[in-house]
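K.L.:
One structure, as structure tokens, below. Some questions next.
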Amino acid sequence: MPKSCRAPHCSNAAGQPRPPARRLSFYKFPLHDAARLRQWLAQMRQEHWVPTRHQHLCSDHFESSCFQYRWGVRYLRPDAVPTIF
């Protein structure tokens, strides 16, 4: 089953054609960090929903400052919170 974004009203999924400049990546919810998970869910306006370890948010919901690059690979910063919905 391909990865898909769990944000409300987002239909992004892995394998969809996109221009190279709009690279899409998926990030797991921070289930191990309760405070940060509450921030993510509050931004999504989904405070009463509980994500599973198999659910993701796509990179379209994070500001460019939420990413860091190492060896040409884009990583989500450990303190990143999605803000674009």
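K.L.:
Limited to segment 16-49, what total is found for residues that are within 15 Å of the chain's Cα centre (by Cα), farther than 15 Å from ASP79 by Cβ and either part of a loop (DSSP other than H, G, I, E, B) or touching a residue at least 60 places away in the same chain (Cβ under 8 Å) (or both)?
P.N.:
6
K.L.:
Counting only residues that are in contact with a Lys or Arg (Cβ under 9 Å, 6 or more places away or on another chain) and either closer than 15 Å to THR83 by Cβ or among the acidic types (Asp, Glu) (or both), which one in segment 33-52 is surrounded by the most Cβ atoms within 10 Å (Cβ to Cβ)?
P.N.:
Filtering first and then ranking leaves MET44.
K.L.:
For residues in segment 1-20 being open to solvent by 100 Å² or more (accessible area, probe 1.4 Å) and within 13 Å of ASP60 (Cβ to Cβ), which is modelled with the lowest pLDDT?
P.N.:
Let us first name the residues in segment 1-20 that are open to solvent by 100 Å² or more (accessible area, probe 1.4 Å), namely 1, 6, 9, 17, 20.
Checking which are within 13 Å of ASP60 (Cβ to Cβ) leaves us with 6, 9.
Working: ARG6: 96, HIS9: 93.
Taking the candidates together, the pick is HIS9.
K.L.:
Going through segment 65-85 one residue at a time, which ones are open to solvent by less than 60 Å² (accessible area, probe 1.4 Å) and in contact (Cβ under 8 Å) with a residue 60 or more places away in the chain? Walk me through how you get there before you give the answer.
P.N.:
Our first condition is that a residue be open to solvent by less than 60 Å² (accessible area, probe 1.4 Å); within segment 65-85, this holds for 66-68, 74, 76, 80-82.
If the condition is that a residue be open to solvent by less than 60 Å² (accessible area, probe 1.4 Å) and in contact (Cβ under 8 Å) with a residue 60 or more places away in the chain, then PRO82 is the only one that fits.
K.L.:
Return the residues of segment 53-64 that are in contact with a Lys or Arg (Cβ under 8 Å, 6 or more places away or on another chain) and either in a helix (DSSP H, G or I) or surrounded by 16 or more Cβ atoms within 10 Å (Cβ to Cβ) (or both); say none if nothing qualifies. Break it down into steps so the answer makes sense when it comes.
P.N.:
Filtering segment 53-64 for residues in contact with a Lys or Arg (Cβ under 8 Å, 6 or more places away or on another chain) gives 53, 55-57, 59.
Across segment 53-64, the qualifying residues are GLN55, HIS56, LEU57, SER59.
The values are calculated or read from the model by the stated rules, or taken from the named source; none is laboratory data. Predicted model, so just to flag it, every value in this text is computed and none were measured. Cβ atoms come from the backbone with ideal geometry, glycine included; neighbour counts cover every protein chain shown. These area figures cover heavy atoms from the full protein model, side chains too; ligands, DNA and RNA do not enter into them. Shrake-Rupley method; radii C 1.70, N 1.55, O 1.52, S 1.80 Å.
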